[in-house]
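The values are calculated or read from the model by the stated rules, or taken from the named source; none is laboratory data. Owing to the predicted nature of the structure, the values given are computational and were not obtained by experimental measurement. All Cβ positions, glycine included, derive from the backbone under ideal geometry; neighbour counts span all protein chains shown.
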Amino acid sequence: MTSLLLESLQQYPAEALSPTLVALQEAQKILPPPHPVWLISTSVWQQLRSGVIPLWQAACDRWQEVPPNAADFRALALEMTHELPPLDVGELETIFAACHHFWQQQGGESHLVLTTYLWQEAVDLPWGLGRGTVLHHPSLPLCHQALEAAFAALVEAKNLYTYWQQGWDFCRLKVVILLYPLSTIVASGWWTGSDPTFQAIASGVTLPHHGIPLPPRGIELTPAEEQYLQQACRGSASHLWVWHRSQTQVWWGQCLPEPLPLAPLPQAVERTLIAEGLPAAPGQAIAPALVVTDPCAPAAVAGQILVSKSIPPHWLPLVSAAVGVICEQGGLTSHGAILARELGRPAVVGVVNATQQISSGMTLFLDGHRGSIYQLPPEPLPVVATPSPQTPSLPTVKRLPLQVMVNVSQVSALRVLRSLPCDGIGLLRSELMLLAFLDHRHPCHWLEHGEAEELRDRWVQHLCEFMRAIAPRPLFYRTLDLRPADYRQLLGGHQFEPATDWGLRGVSRYPHCPELFHLELSALAIAHRLEACPLRIILPFVRSVSEVVYCQKALAQHGLTAKAGVELWVMAEVPAVLFLLSDLANLGVAGITIGTNDLTQLLLGIDRETTLPDFNEDHPAVKKAIAQLIQQAKAHHLRCHLCGEAPARYPHWLPWLIDLGIDGISVGPEVVTQVLDQF
């Protein structure tokens, strides 16, 4: 067992640090933060890796003769993970006591920030390879688990692929983890480049570890504060910095190795239109292209435009780290489009032969508003990304004839959600939420290896973050709808996922894997007890009354009943529900949520990765089915919501839905203001 050794950043020898950490060390001497800063010593990783280096060396020898594929990296990752010894808490208990002392002195909320730094031979590796975590209201066990997960992430398949692809010697990799406590702060933001641009994010401590931060909202630094920060990091302007601001001071929190300059879009730049597609997510980006055709995608995509045939959901970390997305396949409701919109990444989908027309390293101008892709001259240009404008908070919320809610799956969306003029979270996509903390492992793989409690704790932590952000407004949580094609790619997925993609969708899977369903309900029950947020549970892909009865019994075992203030809803996305509403009402179901994406897909016989402009939610058959569902729901005294982007995409939909008497709609955060402006 390896013991955790922590040392003060300021007392750590500079010659044993990466260039970025040396820059941070010097900056914090000039501008000391109000909190202590520790490093987990490089010796910890040196001890941990002793058992996995022979595995890496043997694999590299094999791959010299036979090039590896995705399965090879996944198999090696699993083998290496099993060889990593457990971490003893070591000095962590003492450090945690010091954190508690700091939190008590400062007052307010308590948070713990952990960031992994990697380098080799005094050269920083892209920070997208490491893990950035903010633990809210942390405990010693949660902190210990997060550190173990951070080290385990270094031998994930996607990272191993990147080491091999880039020619980095895994055996000489140096790793430290930066760790520091935070109390409640006003804002955090980026600073980078020779022309400093300060940007504030929403109140709280959700730090921008991946991708592009939100545009400034609400909080701005004074000129004196800007000058103060600039003086503290003089000579290191090329790095990417993270700053924090409390009520009384501002300071540098981190220095990251991969600069991501944010600058105005050059106006007079020669450009050549090379491709067009569907504008799936608004915004613009200028950056080098990274073309990915291997199913085992690389990890180091930060600061680049990701170009691929499609974006499966388990590529969530890649979309988060990229500055833009281009897909050959997919429509406006594909997973790649949904993830890009939620994460604020400009995206164009349905681009014919994109992976053939575009080559890695080509400088692109991606216009997510128009669906256009331009090639720029080869001269070096700064990486520029302009996400879609986020919704400003409104002084008052209009009294509307229906509720307007939001669809989310990632905690990164909470920065906008806290001040968004909406009536709640209308759909929390649990299967996409899980991808943020599964560590590329199938959830049943966690259960098989006796790690159910850790998975549940991560589940609870994420649920509580969503609940705290939206309360006292309600949260509609859709239970797991694991699509076999998506989850089959995770570690262990081929063992637990059926060969066909339509059989075990939604609730039909629960009797076949009751352990996972009950683990999910246990997490929901704990979060419901911890947070004062109205909880609505939605059952996905319902095809029979017996499925709902099975779920009701399981919910009752965990105390998730109407008596406890929990409402049960059903997704109306399979056409069969058209003929089941009377039975559902008799069971005590509170309402239905019409899922326009799957309903359109099943009624018209299309899939999300196919671009067929004439076959969409506005098709007469789909609209007639929706009208019938709303009318029948009213007749059986069921509340009725609609989930999807159609009310924002088609101006005639909103008055049509209101005339039908719908109770609410749920759309992406980026279009809430657009919908409200229609009233």
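When each of 596, 610 is tested for being modelled with pLDDT under 95, within 28 Å of residue 351 (Cβ to Cβ) and surrounded by 19 or more Cβ atoms within 10 Å (Cβ to Cβ), the lone residue that passes is 596. Within segment 631-655, the set of residues being over 29 Å from the mean Cα position of the chain (by Cα) and closer than 16 Å to residue 599 by Cβ comprises 631, 632, 633, 653. Being over 30 Å from residue 107 (Cβ atoms) and free of Cβ contacts under 8 Å to residues at least 12 places away in the same chain, is that true of even one residue in segment 23-44? Looking for residues that are over 30 Å from residue 107 (Cβ atoms) and free of Cβ contacts under 8 Å to residues at least 12 places away in the same chain, one finds none in segment 23-44, hence no.
Restricted to segment 424-444, and to residues there that are closer than 25 Å to residue 140 by Cα and in a helix (DSSP H, G or I), the residue that is farthest from the chain's Cα centre (by Cα) is 443. When only residues in segment 395-424 that are in contact with a Leu (Cβ under 6 Å, 6 or more places away or on another chain) and under 19 Å from residue 677 (Cβ atoms) count, which is modelled with the lowest pLDDT? Here the residue is 421.
Identification of helices (runs of 4 or more DSSP H) wholly contained in segment 35-105 with 2 or more residues that are farther than 23 Å from residue 17 by Cα yields 53-65, 70-83. Output yes when any residue across segment 510-517 is of a type outside the set (Val, Ile, Thr), in contact (Cβ under 8 Å) with a residue 40 or more places away in the chain, within 19 Å of residue 462 (Cα to Cα) and surrounded by fewer than 17 Cβ atoms within 10 Å (Cβ to Cβ), and no when none is. The answer is no; no qualifying residue exists. For the criterion of being touching a residue at least 24 places away in the same chain (Cβ under 8 Å) and under 24 Å from residue 510 (Cβ atoms), residue 603 fails. Would a scan of segment 606-617 turn up a residue that is part of a helix (DSSP H, G or I) and within 22 Å of residue 653 (Cβ to Cβ)? Scanning segment 606-617, I find no residue that is part of a helix (DSSP H, G or I) and within 22 Å of residue 653 (Cβ to Cβ), so the answer is no. Of all the numbered requirements in (1) small (Gly, Ala, Ser); (2) surrounded by 17 or more Cβ atoms within 10 Å (Cβ to Cβ); (3) farther than 23 Å from residue 161 by Cα, residue 16 misses one, and that requirement is (2). Annotation note: of 138, 196, 181, the sole residue that is part of a loop (DSSP other than H, G, I, E, B) and either modelled with pLDDT of 85 or more or acidic (Asp, Glu) (or both) is 138. Filtering segment 1-33 to residues that are in contact with a Phe, Trp or Tyr (Cβ under 8 Å, 6 or more places away or on another chain) and not in a helix (DSSP H, G or I) leaves 6, 7, 8, 9, 18, 31, 32, 33. Would you please name the residue that is surrounded by the fewest Cβ atoms within 10 Å (Cβ to Cβ), looking only at residues in segment 625-673 that are assigned to a helix (DSSP H, G or I) and of a type in the set (Asp, Glu)? Selected residue: 659.
Inspect all residues belonging to segment 523-539 and state whether any of them is in contact with an Asp or Glu (Cβ under 8 Å, 6 or more places away or on another chain) and assigned to a helix (DSSP H, G or I). Within segment 523-539, none of the residues are in contact with an Asp or Glu (Cβ under 8 Å, 6 or more places away or on another chain) and assigned to a helix (DSSP H, G or I).
Please determine whether any residue of segment 519-530 is under 25 Å from residue 133 (Cα atoms), modelled with pLDDT of 90 or more and polar (S, T, N, Q). Among the residues of segment 519-530, at least one is under 25 Å from residue 133 (Cα atoms), modelled with pLDDT of 90 or more and polar (S, T, N, Q), which makes the answer yes. Taking segment 1-30 as the range and being closer than 20 Å to residue 251 by Cβ and β-branched (Val, Ile, Thr) as the test, the residues that pass are 20, 22, 30.
Yes or no: residue 488 more than 16 Å from residue 476 (Cβ to Cβ) and among the charged types (D, E, K, R)? Spelling it out, residue 488 is indeed more than 16 Å from residue 476 (Cβ to Cβ) and among the charged types (D, E, K, R). Taking segment 154-186 as the range and being out of contact with any Phe, Trp or Tyr (no Cβ under 9 Å at 6 or more places or on another chain) and surrounded by fewer than 20 Cβ atoms within 10 Å (Cβ to Cβ) as the test, the residues that pass are 165, 166, 167, 168, 172, 184, 186.
Residue 570 passes every criterion in (1) surrounded by 20 or more Cβ atoms within 10 Å (Cβ to Cβ); (2) touching a residue at least 40 places away in the same chain (Cβ under 8 Å); (3) closer than 17 Å to residue 507 by Cβ apart from (2).
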